[in-house]
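Below is one structure, written out as structure tokens, with a few remarks after it.
The values are calculated or read from the model by the stated rules, or taken from the named source; none is laboratory data. Keep in mind that this is a model prediction, so the values were computed, not measured. With ideal geometry, Cβ positions are generated from the backbone for all residues, glycine too; neighbour counts draw on all protein chains shown.
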Amino acid sequence: MPNPIALDVFNREFLTMRCRLIDLAAAIDRVGRADGQVADDPRWQQLQQAIGVIASPDGNRAERVQMTFSLPYGENWRHDYEV
């Protein structure tokens, strides 16, 4: 039996999660139907990796997805980006 609090959160979030997944699937389908290829584009590879993170049973998904799209921290970032 699911934890009642977890079930409350799930009930509250389900339709939003479902909508976002359908929206993502539709966007991926549009890319797939378009002429050309994106398989070699690093952004496409990041999306594929992020989808794998979301599908994994491990926690901290939001952080791990964010890190998929982030650059590693560099001590000299101010110099590198001329900030």
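Numbers at a glance
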item	result
Search result, residues across region 1-57 that are closer than 20 Å to MET67 by Cβ and among the aromatic types (Phe, Trp, Tyr)	TRP44
Region 62-71, residues that are within 17 Å of GLN45 (Cα to Cα) and not hydroxyl-bearing (Ser, Thr, Tyr)	ARG64, VAL65, GLN66, MET67, PHE69, LEU71
In region 14-59, the residues that are within 17 Å of the chain's Cα centre (by Cα) and of a type in the set (Asp, Glu)	ASP23, ASP29, ASP41, ASP58
Every residue from region 38-66 that is surrounded by 10 or more Cβ atoms within 10 Å (Cβ to Cβ) and more than 21 Å from LEU21 (Cβ to Cβ)	ASP41
Selection from region 49-71 of residues that are in contact with a helix residue (DSSP H, G or I) (Cβ under 7 Å, 6 or more places away or on another chain) and either assigned by TED's automatic domain parsing to the domain that holds ALA25 or β-branched (Val, Ile, Thr) (or both)	VAL53, ILE54, VAL65, THR68
